[in-house]
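Taking it in order: structure first as structure tokens, then the write-up.
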Amino acid sequence: MNSLPTGTVTFLFTDIEGSSRLWENHGEAMAVALARHDAILREAFEARGGYIFKTVGDAFCVAFPVAIGALEAAVTSQRRLRDEPWQEIERIKVRMGLHTGSAEHRDSDYFGPVLNRVSRLLAAAHGGQMLLTLATEELVRDHLPEGVALRDLGERRLRDLNRPEHVFQVTAADLPSDFPALRSLEIFPNNLPVQLTSFIGRDKEMTEVKRLLGTTHLLTLTGTGGTGKTRLSVQVAADLLDQFPDGVWLIELATISDPDQVASAVAAPLRVRDEPEQQMLVTLTNYLRHKKIMIILDNCEHLVAECARIAETLLRACPGLQILASSREPLGIGGERTWPVPSLSIPEGWREEIRGAHAAERLTQYESVRLFIDRATAVRPGFKVTNDNAPYVAEICWRLDGIPLAIELAAARIRVLSIDQIATRLNDQFRLLTGGSRTALPRQQTLRALIDWSFDLLTEQERILLRRLSAFAGGRTLEAVEAVCSDDQLQDFEIIDVLTSLVDKSLVTVEKPPGKEPRYTFLESVWHYGREKLAEAGESDSLRTRHLEYFLKIAVDASPHLFGHQQFLWLERLQPDFYNFRYALDTSLEVAGLAPLGLGLAVALGRFWEIRSLLVEGRELLASILAHPDNAAPTVQRAAGLALAGRIAWLSDNIKEGYAYTCGAFEIFSALGDEKGIATTGVDYALYQFDAGKADEAKALIRESEIIAERLGDKRLLAGVRRLQGVEATSEKRYEESLLLHEAALALYRELGDTWFCGIVQWAIGITATYLGDFEKARVNFQECLRASWALGNRWAIAFPLEAFAALAVAEGQYARGARLLGAAEALRSEFGISTEETTDHPTIREIFARAAEEFIKPELVAARKEGRGLTAAEAVAFAMEAGGEGGAA
């Protein structure tokens, strides 16, 4: 198979004319014919250097490194198709389109406007016809094969509605050369406007909208402003032109404010004249009654009642009429189908996507990124996405929610700002995102004006709720909205109806995760707008306080369950409100008098942060909250906060910082005589003492904690003591005793249902078993540890069993495997802000690696370690768990 061409590429697209009809009339023969068709084309294309990157049904998508190779392949395949005996089928007629340009590529596929161009060119052709663009003609005209010529068909408007394309037809004396007029826009009655910018992405949306149009006479595309409803409507209509012999007509309603003018606006492009003493709607109905025609009613939201009346009247009387409407809300008449237009695809996990040497290439799979690149290049031709600026491009598209208008406005700023400046200034979106096209509607020239337009159309209650919803961050459940947003102005029982209305008007979106409560969200730009309106109404502090109080209760109620049998269930319940918890903590620092509530919330979330890999998040927030003057008093709550900060610092290998926090917590608990606090913190304090080489002090702390745990009958405390006694035994090289103590701790944690701490203890058991040469026991425990972390949604902790698996591999003599696993662990530690000064924080593993130090400097192991750093978390886990790693030498 030929290799994937890069740089300037000539694309050849093909498909069979009338294939659906052939299948219906000659099913069995068509199956045989299609197989032969595929073989002929594949052989001809690959013989001329073509790379077949996609086949869909009977269509081929092929990339050629040389334009003349594509032309020769097209001519050769047409000749072979002509000479093939097709039995029952008279002839297979294949149309072909060739276009040359530069396209983005990833994973053996291509993306970009050049593909849209060749696709539209193909759509204009007839069966047996070969068309090419001027870009390809310029490359082949001096190298044409003998007997092959090019016929100039002039400039044609292809169905991408962009600039006209200069089209040529390939002719040969032994091939058909006379065809009907091209299926370009000129031959169909329409008023679809020329678009000055390319149409990016939307392949799935185009397919779905066309499908839905086949099921109804009225389809309304809904969505918030700027999502591209109009552009999608017009492009779909262009693709369907040949289905409407009486034309496709765009009715632009955005500039009309008087409902009485809507019927006249529909009639104008159809050239329907006003009849004396007859309502225009009656005249229009009579004109359309026997037409096969599509009407696009664009921007109906401010005239929705009149648009609904006219659409219903026309559809009842005109069976050949199809209406495609775009509006913030449905028209609300019988037979209407609605379809919400989504934003362009965005790099959801963009922090993952931007890692590695191919970050820029990976990002181009997202429509929002491709749109940004296209529009940025238009204003600054030298702009390119590189691995260095990829994080900023990804962040911009993610922050702007993939809204086409917002991305275009941001890309326009590349003329005067660097890409990192644009990303930084997005916090002030409404000032940055101005300066759109001067010819656009005023409300489409800035993001603020666009949202102002929607806000002004709302009722007073809808405005109240919309601004109050901005007191949340991320999604909201109905229960949360009712609790936080209701008062005398807006009763809790009214909220569901008002919220539903905001959903209908495309300002709020409903997400329905399987098996979970629906959540109400809106775009980040709408959130920023709502925050401004909330501040203008003087409600910001009061609503944010209620929001903090609500989520404090949620976290406090959940906290005990994060340590027991329903651990995973409660982690999953808290996860959707991650941003709400974060915002509530910000509120505690920004609104006077709320810092103590913030400290209580942070303490309640400690286990959630730990398990869900939020170490950096937890460290930064706790540092700010503990430093607040209102949290300075030596209370139990402050001690709990210090203890949590110490644990997170320990997990992040920030030993000095963790020691200071834990010492402070222990001192407060001791001064207050809080026995449980003394024992719990004493266990953590002992870890620091061991690390500092103060074994006697550590033993004393463990003994004191043991006494308290036994007196209180607290199994969790006792499990922590047994674990630390195991650490003590390890430090003194009493490995068999360490194994027994850790297994005792494991039994207690299993009884308590604490999967998380079971995994931590099994990590220690596996390390000890490795040192003792019980490799099978080590492997089983490492696997359980890794499974626990993965199942609970933890990612940072995966680094530790991966290191342990690396040590096991080294102990078994599998040095290459060990180096690869060690590299993967190092990458994960770095990603989650865990110090990498030490390879590991377990002395036994350090000892195992120290013995293999000379092996690890060998070039092949250095390379394996580097390869491991490039693995994703999922790849690293799969590699560690695979059975092939068991036994044997590398």
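Structure values in brief
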item: Length-normalised contact order of the range 700-845 in % [C-alpha pairs under 8 Å, at least 6 apart]; result: 15
item: Among P330, G69, I648 the positive-end extreme of the charge dipole of the chain (Cβ point charges); result: G69
item: The range 641-718-the range 34-49 distance, computed between alpha-carbon centres (Å); result: 73
item: Accessible area per residue in Å² at 1.4 Å probe, computed on the chain; result: 42
item: Spin-label model distance (nm) - R750 vs R42, 7 Å beyond Cα toward Cβ; result: 5.4
item: Cα gyration tensor shape of the chain, rounded if a/c is under 1.5, else prolate or oblate by comparing a/b with b/c; result: oblate
item: About the Cα centre, charge dipole magnitude for the chain (Lys/Arg +1, Asp/Glu -1 at Cβ), debye; result: 1300
item: Those aspartates and glutamates that a straight Cα-Cα span of less than 12 Å connects to K204, excepting residues fewer than 8 apart in one chain; result: E367
item: Angle in degrees between helix 715-731 and the longest Cα principal axis of the chain, rounded to the nearest 10; result: 80
item: Full-extension gain in nm, Q261 to D152, via 0.36 nm per residue minus C-alpha separation; result: 34.7 nm
item: Carbon plus sulfur fraction of accessible area for the chain, probe 1.4 Å, in percent; result: 51
item: Stretch in the chain that is longest and holds no GluC sites (Glu not before Pro) that DSSP places in a loop and that have at most 15 other beta carbons within 10 Å; result: 349-731
item: Cα-based helix-to-principal-axis angle, 655-672 vs the chain, degrees rounded to 10; result: 60
item: J(HN,Hα) series, the range 855-862, from Karplus relation 6.51 cos²θ - 1.76 cosθ + 1.60, nearest Hz, glycine and proline x; result: 5, 6, 8, 5, x, 5, 7, 4
item: Cα gyration tensor, the range 496-628 - rounded (a/c under 1.5), prolate or oblate; result: oblate
item: Average Cα contact separation per residue, the range 541-672, under 8 Å, 6 or more apart, as relative contact order %; result: 20
item: Proximal lysines relative to K505, as straight alpha-carbon distance under 21 Å, when same-chain residues fewer than 8 apart are discounted; result: K229, K533
item: For the range 459-473 and the range 262-285, distance of Cα centres in Å; result: 41
item: Per-pair calculated FRET efficiency, R0 = 41 Å: K656 and V780 via Cβ, rounded to 0.05; result: 0.70
item: Filter on K54/K292; K656/K715; K553/K699; K512/K777; K656/K858; K553/K676 - keep pairs with C-alpha separation over 32 Å; result: K54/K292; K553/K699; K512/K777; K656/K858
item: Helical mean residue ellipticity (222 nm; -39500 (n - 2.57) per DSSP H run of 4+; nearest 500) of the chain; result: -17000 deg cm²/dmol
item: Angle between the chain longest axis and helix 67-83 axis [Cα atoms, degrees, rounded to 10]; result: 60
item: Cα gyration tensor shape of the range 652-794, rounded if a/c is under 1.5, else prolate or oblate by comparing a/b with b/c; result: prolate
item: Extension gain, D674 back to D696 (0.36 nm per residue minus Cα-Cα distance, nm); result: 5.6 nm
item: Modelled FRET efficiency - R0 56 Å, D487 with D174, Cβ distances, 0.05 increments; result: 0.10
item: Dipole in debye (nearest 20) - the range 85-154, about Cα centre, beta carbon charges: Lys, Arg +1; Asp, Glu -1; result: 240
item: Residues in the range 1-28 that a label on R80 would reach, taking backbone N under 19 Å of a point 7 Å out along Cα→Cβ; result: 1-3, 11-17
item: Relative contact order (%) - criterion: Cα under 8 Å, at least six apart; region: the chain; result: 6
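The values are calculated or read from the model by the stated rules, or taken from the named source; none is laboratory data. Just so it is clear, the model here is predicted, and its values are computed rather than measured. Counting neighbours? That spans all protein chains shown, and the Cβs are built from the backbone with ideal geometry, glycine included. These area figures cover heavy atoms from the full protein model, side chains too; ligands, DNA and RNA do not enter into them. Shrake-Rupley method; radii C 1.70, N 1.55, O 1.52, S 1.80 Å.
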